[in-house]
Amino acid sequence: MTDIRRSILKRLAKRKPTLPVHGSLSTYLVRYLGYEAVQAGAFQDYVSQTLAPIFPASHSAVAKPKRLHEDILVLREPLPPIQPVLLKNTRFSPDCARVRTDTAALFWPKELEQQHRFKWENGRSYVLEANGVINFRTGHETYIGKAICAVTPGAANWYHWLIEVLPTIMLMQNLPAAYDDFPLLVPEEILAGATFKDALDLFVGTRPVIGLARDEQYCVGEMVVIPPPVSGPFDMHDHHWPVPEDYVNNMGVMQQFRTQTLGCLGVTYDGNGPKRVFLARAPGTRSYNQDDILKVARAKGFEIVRLEHLSFREQVQMMHNADFVAGPTGAACANTMFMRPGTKILIWALKQYDGACFFSNLGHVAGCQATYCFVEADTPVKSTYEAFSASYVLSPKVFSDNLDALL
């Protein structure tokens with residue numbers, strides 16, 4: 001029934017010119033379908049209090065993915081100090097990772113600037129109307145008196161957790177003591193996953209943690225929200241693809257995060273482990289001719305590794321010891337953050353992602369050389385949603401030639 005209601009709601013959205021969102025009939029239908037409509041708004045317009053900075057002014061350095069023999073292109077811009085905000089009587093939907101008031105869904109400046117490109121319909125809880133109105137699924141709400149919010153779309157994905165959420169949690173150590181007893185909100189999946197929980201434990205200290213159920217909705221009396229030091233498009237409208245201008249990569253925060261993680265884990269270069277690492281994937285989304293590529297990799301001395309079989313510390317130690325890493329774009333590449341300066345990684349991705357800076361940014365933070373090669377999807381793709389699961393073929397010769405040029 002929920003899918004049918006969402007389908008009807010989407011049809012109403014597309015008929016915006018003849019059925020205004022705020023018309024009485026439209027409002028009634030939206031409510032009847034189990035949703036409520038709010039406008040898109042900016043965090044800064046709804047804060048109860050802006051707290052003192054918890055990180056000084058820094059700069060963003062966004063590194064465009066580079067092909068073999070290309071020069072690296074880095075976009076730099078100054079960033080202001082990071083100042084948390086305090087919101088009162090806000091509501092939170094873990095399914096879509098969106099904070100909202102009674103009248104507005106709250107977004108950071110980059111999201112609002114790119115709303116014609118960024119797709120906000122990333123959960124079952126809401127859909128984006130053509131005129132900036134968002135419809136949230138209504139239902140029972142659990143009340144939480146006070147909390148710190150550190151949830152982002154896709155937080156249960158290793159990349160988003162490690163790179164977008166954990167550095168924000170790290171910054172909590174700089175909050176005023178008055179907020180020491182504010183519990184941290186995280187998806188309940190984080191607490192159930194050993195690797196995710198191990199990474200969380202490095203930074204959460206003695207702060208209480210509340211696991212949020214994906215399908216539940218919450219109302220928080222006082223919520224502290226920390227502006228994210230790293231951001232990029234989670235999903236995009238059809239026929240739009242990521243470009244470097246879509247990203248923010250706070251170098252000061254990320255370099256501190258890298259250093260602090262290595263220090264907390266006690267990871268230093270010890271000369272052990274494989275020097276050439278191939279990041280293998282289990283069969284599933286974005287399948288490719290991995291067996292053919294593995295033959296080439298083994299012939300060139302690469303050890304085949306599945307990082308998800310290792311503990312967090314083991315993952316970081318392996319990446320830190322490696323001189324050369326090769327693998328397809330995916331969550332495992334988030335560990336590029338922990339490679340040593342001067343090392344190399346070869347990544348391949350669909351050609352539509354030649355401007356997607358997720359992992360090239362991490363290589364830039366670590367000081368390692370990230371090189372890309374790009375492939376065609378087996379069938380045409382028109383959106384990031386379709387590309388997420390698209391299969392492809394990587395030419396063994398192209399792979400071999402790239403390795404020979406870099407080794």
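The values are calculated or read from the model by the stated rules, or taken from the named source; none is laboratory data. Quantities reported herein were computed from a predicted structural model and do not represent experimental measurements. As a convention, Cβ positions derive from the backbone with ideal geometry for all residues, glycine included, and neighbour counts pool all protein chains shown. These accessible areas exclude ligands, DNA and RNA; they are computed on the full protein's heavy atoms, side chains included. Shrake-Rupley method; radii C 1.70, N 1.55, O 1.52, S 1.80 Å.
The set of residues in the stretch 382-400 that are touching a strand residue (DSSP E or B) at 6+ places or on another chain (Cβ under 9 Å), surrounded by fewer than 19 Cβ atoms within 10 Å (Cβ to Cβ) and free of Cβ contacts under 8 Å to residues at least 60 places away in the same chain comprises E386, S395, V398. Taking (1) surrounded by fewer than 16 Cβ atoms within 10 Å (Cβ to Cβ); (2) touching a residue at least 60 places away in the same chain (Cβ under 8 Å); (3) within 19 Å of the chain's Cα centre (by Cα) in turn, L191 satisfies each apart from (2). Screening I304 against (1) outside any helix (DSSP H, G or I); (2) over 27 Å from V243 (Cβ atoms); (3) out of contact with any strand residue (DSSP E or B) (no Cβ under 6 Å at 6 or more places or on another chain) leaves a single unmet condition, (3).
Results for (1) farther than 23 Å from P65 by Cβ; (2) within 24 Å of the chain's Cα centre (by Cα); (3) buried (at least 16 other Cβ atoms within 10 Å of the Cβ), shown as yes or no for each residue.
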site	(1), (2), (3)
T285	no, yes, no
R298	yes, no, no
R306	yes, yes, no
G327	no, yes, yes
A334	no, yes, yes
M337	no, yes, yes
L346	no, yes, yes
A349	no, yes, yes
Q352	no, yes, yes
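The single condition from (1) surrounded by fewer than 23 Cβ atoms within 10 Å (Cβ to Cβ); (2) on the phi < 0 side of the Ramachandran plot that C368 fails is (1).
Of the residues R117, R124, R100, R91, the single one that is farther than 28 Å from Q315 by Cα, under 21 Å from the mean Cα position of the chain (by Cα) and modelled with pLDDT of 90 or more is R100. Is it the case, given these coordinates, that Y392 is closer than 26 Å to K119 by Cα and over 21 Å from the mean Cα position of the chain (by Cα)? Yes; evaluated as a whole, the condition is true for this residue.
The combined condition, being polar (S, T, N, Q), crowded, with 19+ Cβ neighbours inside 10 Å and within 19 Å of P227 (Cβ to Cβ), is not fulfilled by S48.
Taking the stretch 173-203 only, how many residues are touching a strand residue (DSSP E or B) at 6+ places or on another chain (Cβ under 8 Å), at pLDDT 95 or above and part of a helix (DSSP H, G or I)? Number satisfying all stated conditions: 3. Does E308 satisfy the criteria of being modelled with pLDDT of 95 or more and of a type in the set (D, E, K, R)? When the stated conditions are applied, E308 does not pass them. Considering the stretch 378-404, and only residues there that are in contact with a helix residue (DSSP H, G or I) (Cβ under 7 Å, 6 or more places away or on another chain) and small (G, A, S), the residue that is farthest from D291 (Cα to Cα) turns out to be A387. Checking each residue in the stretch 233-250 for being outside any loop (DSSP other than H, G, I, E, B) and among the β-branched types (V, I, T) picks out only V248. Report whether or not L294 is of a type outside the set (K, R) and either at pLDDT 95 or above or out of contact with any strand residue (DSSP E or B) (no Cβ under 9 Å at 6 or more places or on another chain) (or both). So L294 passes the test. Every residue in the stretch 143-163 that is assigned to a helix (DSSP H, G or I) and either of a type in the set (S, T, N, Q) or open to solvent by less than 20 Å² (accessible area, probe 1.4 Å) (or both), please. Those that are assigned to a helix (DSSP H, G or I) and either of a type in the set (S, T, N, Q) or open to solvent by less than 20 Å² (accessible area, probe 1.4 Å) (or both): Y159, W161, L162, I163.
Looking only at the stretch 334-385, residues that are within 22 Å of W158 (Cβ to Cβ) and at pLDDT below 95 come to 2 in all. Filter the stretch 204-232 for residues that are within 24 Å of A57 (Cα to Cα) and assigned to a strand (DSSP E or B); which is most open to solvent (accessible area, probe 1.4 Å)? Filtering the stretch 204-232 for residues that are within 24 Å of A57 (Cα to Cα) and assigned to a strand (DSSP E or B), the one most open to solvent (accessible area, probe 1.4 Å) comes out as S231.
Can you find a residue in the stretch 65-81 that is touching a Phe, Trp or Tyr at 6+ places or on another chain (Cβ under 9 Å), modelled with pLDDT of 90 or more, under 20 Å from H160 (Cα atoms) and of a type in the set (A, V, I, L, M)? No, the stretch 65-81 contains no residue that is touching a Phe, Trp or Tyr at 6+ places or on another chain (Cβ under 9 Å), modelled with pLDDT of 90 or more, under 20 Å from H160 (Cα atoms) and of a type in the set (A, V, I, L, M). Applying a threshold of 8 Å to beta carbon distances and a minimum spacing of six or more residues, or different chains, the list of pairs starting in the stretch 224-245 at a residue that is farther than 30 Å from P183 by Cβ and ending at one that is hydrophobic (A, V, I, L, M, F, W, C) and part of a loop (DSSP other than H, G, I, E, B) reads W241/A356; P242/A356; P242/C357; P244/L73; P244/C357.
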